[in-house]
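Notes to accompany the following structure.
The values are calculated or read from the model by the stated rules, or taken from the named source; none is laboratory data. Bear in mind that the values here come from a model prediction, so they are computed numbers and not experimental data. With ideal geometry, Cβ positions are generated from the backbone for all residues, glycine too; neighbour counts draw on all protein chains shown. Note: areas computed on protein heavy atoms with side chains; ligands, DNA, RNA excluded. Shrake-Rupley method; radii C 1.70, N 1.55, O 1.52, S 1.80 Å.
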Amino acid sequence: MKLRCYCCGRFPIAAGLMAQSFSAGALAAPGTAADTAAPANAPAGYYFHNGDILPMTGRDNRLECLLVIEDTIVFAGQARDCPPLPPGIASVDLKGACLIPGMIDAHAHVVGAAFNALSTDLSPAIATATQPYTIDRVIEILQVEVDKVNADPKLPRWVLAVGFDPSQLATWVNLTVQQFNRLIGAEDIGIIVQAGSGHLSFVNQTTLTWAGIDASTQDPSGGYIGRAPDGTPTGILVEMPAQLLIKNAFEKHGQPAIFGNPFKLAQGIATHLGEALACGLTTLNDPAIGISYGYELEMALIAYARAAAPAVPRMASGIYLNEWDTDPTHRPAAFARGPDFTNPMFVVQAVKLFSDGSNQGVTGLQSQDYTAWALERTQDYSAKHPRGNADATTADLTGLMQTALGYNWQIMVHANGDQAVANVIAAYDSALAGTPDDRRHRIEHCSLATTDDLDAMVRLRLSPSFLIGHVTGWGDVLTQLLGPDRILLLDRCQSALAKGLNISLHSDNPVTPLGPLRMVQDAVTRLTVQQGTLINRAECLSPYDALHAVTAGPAWQCHIDHMVGTLEVGKLADLVVLGASPLTVAPTAIAAIPVQQVYVAGRQAVGA
């Protein structure tokens, strides 16, 4: 049976060609093969000792030793109390190293990350010591891709690139039709550049023409077309409903080459899962499976990748609901089945919704206008939207939440701007009828939150997951976009903890790189990468609380805390050995701590 794709996702690409060439029939479900199979010569278990063992069950708690048999922790305590070791147990002398629970990224997109890795990169990573991140450098790379297409008549007439971030350029310049016109030989080539956040697409005039987008095209509900003062499209498409307008071009002029080889994408996912393990992540929570290519296809891609990889992290997941498609028959069949916790290596516990865009892209929904500095630099698309974009109304979010609650789903809602956060809280309040439940509903990013917002989250038992890289990667530019007072609302980690909220940190990869120790350091220091600015000292976390936010905190949020997140008897042995303790090194050295060994369910996945 061929897979059907219901939408082409936040990355505005049609998946029809991929779906036609990728059948799920030959694939195992997530959770088989590499997920569960142990090597024939694997030890019966492990005895860890002679190190700094942090169970993450309390800031002063330490263990002298830990005994794992097969996939389970059977002893955690003082060496004198440890039972005799059974035959076949490997003794691991930590030699002073630090043993912690496996780390968890509470929000990362595995398919999107693999797709980006296979696409032309226009992110700030293209900068070098001699070539800074400028619009000229971006155009130079695009010209190389245009020349490749022109040199090979077999290639589709498309250039697809990802990661572009005008807010990080040496001088802010948007990729408009005028900028694309600088390219030589691109008159009959469609060019699509996805912003690093995923909330903006930049396209050339050829793409607009092929898609039938012109001054007469109406803005879709939930998104809009950037326009010049005379109404002419500038080539900037804001949010998924506008990005999806590109589908018309694919239907008439084919699709980018990457969609012809889904197995390459699946292999990219396998590589990405290996990279997650290498940095100490034993669990990834992908909150929006289906956002790029549709749920069934993405699940098949992930299953193929997990079966092919030598070792993989555990996964929690959410089903992406296309809130702009009101036809309930278009929802994945899995939605009506409700949460699935039957496979400990791959749980499906949540659904994902969006309320707004990105603050650094000036599309996050605010309660007041962005600064004049911000609006001047984004006039190519923000002139009529000075407070950002509402992806959905509060009433629409409420209705979707009520539907999801009817199937017993945990709900995760993306919210960046302070008005978006307030709207999401109001929607939760209405959907829950003011009565909190125990499904651990979340606000993703929760970037700008007032004290009233945090109080309401306590009342409704909502928990925030913070994209802490917003602080360190964009703190300087966000200060200019929001102003010196409103920047104090950014990622209020300590305030949330002080009110008793259970928090987590996440990468939103590919928005920021995987790296749980970097996230811990970011939450502790809150120092910007560009200028070393301290963004709101009052919100700095202690090293213990930051480490908790990538271990026990996200385990609780993802409904897997009965299995992982702490080092306790009866839990699965997801473990990481670090070269030093994040609690004792200098705060600015946490990200550089080496990951020496990684174990998933008692099976060594990284290290000798």
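What the table below lists for this structure:
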{"quantity": "Simple label model, 7 Å out from Cα along Cβ direction - Val458 to Lys384, nm", "calculated": "4.3"}
{"quantity": "Alpha-carbon centroid distance for the pair the stretch 564-607 / the stretch 295-317, whole angstrom", "calculated": "23"}
{"quantity": "The stretch 473-608, relative contact order in percent, only Cα pairs under 8 angstrom and at least six apart counted", "calculated": "21"}
{"quantity": "Residue-wise HN-Hα coupling along the stretch 378-392, computed from phi with Karplus coefficients 6.51, -1.76, 1.60 (Hz; x: Gly, Pro)", "calculated": "10, 4, 5, 8, 9, 3, 9, 9, x, 10, x, 10, 8, 5, 8"}
{"quantity": "Relative contact order, percent, the stretch 36-134 [alpha-carbon distance under 8 Å, six or more residues apart]", "calculated": "28"}
{"quantity": "Table column - 3J(HN,Hα) (Hz), the stretch 478-490, Karplus curve with 6.51, -1.76, 1.60, x for Gly and Pro", "calculated": "5, 4, 6, 6, 10, x, x, 7, 6, 5, 5, 7, 6"}
{"quantity": "Degrees, to the nearest 10: 135-151 long Cα axis against longest axis of the chain", "calculated": "80"}
{"quantity": "List Met563, Met240, ordered by accessible area with a 1.4 Å probe, largest first", "calculated": "Met563, Met240"}
{"quantity": "Packing-based ranking, highest mean first, of 322-329, 280-287 given that Cβ atoms within 10 Å are counted", "calculated": "280-287, 322-329"}
{"quantity": "Highest to lowest packing among 360-367, 186-193, 228-235, 159-166, scored as the average C-beta count within 10 Å", "calculated": "360-367, 159-166, 186-193, 228-235"}
{"quantity": "For the chain, Kirkwood radius (reciprocal of mean inverse C-alpha pair distance, Å)", "calculated": "24.6"}
{"quantity": "Top positive-direction residue, dipole computed over the chain with Cβ charges, set Ala161, Pro220, Ala266", "calculated": "Ala266"}
{"quantity": "Accessible area in square angstrom per residue, the chain, 1.4 angstrom probe", "calculated": "35"}
{"quantity": "Nitroxide proxy distance, nm - points 7 Å out along Cα→Cβ at Glu140 and Asn61", "calculated": "5.4"}
{"quantity": "The chain, relative contact order [Cα under 8 Å, separation at least 6], %", "calculated": "18"}
{"quantity": "Highest-first arrangement of 379-389, 428-438, where packing means the average Cβ count within 10 Å", "calculated": "379-389, 428-438"}
{"quantity": "Accessible-area composition of the chain, carbon plus sulfur, in percent [1.4 Å probe]", "calculated": "53"}
{"quantity": "Two-site FRET efficiency, Ala170 against Ile89, from Cβ-Cβ distance with R₀ of 41 Å, rounded to 0.05", "calculated": "0.10"}
{"quantity": "Efficiency of FRET between Thr130 and Ala372 - r from beta-carbon atoms, R0 30 angstrom, step 0.05", "calculated": "0.30"}
{"quantity": "Lys/Arg +1, Asp/Glu -1 at C-beta; the chain dipole; positive extreme among Thr551, Thr378, Gln179", "calculated": "Thr551"}
{"quantity": "Gyration tensor over alpha-carbon atoms, the stretch 378-532, equivalent ellipsoid semi-axes in Å", "calculated": "26, 20, 14"}
{"quantity": "Theoretical ellipticity at 222 nm over the chain - DSSP helices of four or more residues, -39500 (n - 2.57) apiece, nearest 500", "calculated": "-8500 deg cm²/dmol"}
{"quantity": "Under 14 Å, Cβ to Cβ, from Gly565 - net charge with Lys/Arg +1 and Asp/Glu -1", "calculated": "-1"}
{"quantity": "Amide H contacts under 5 Å for Gly45, placed H, 5+ residues apart", "calculated": "Glu70, Ala90"}
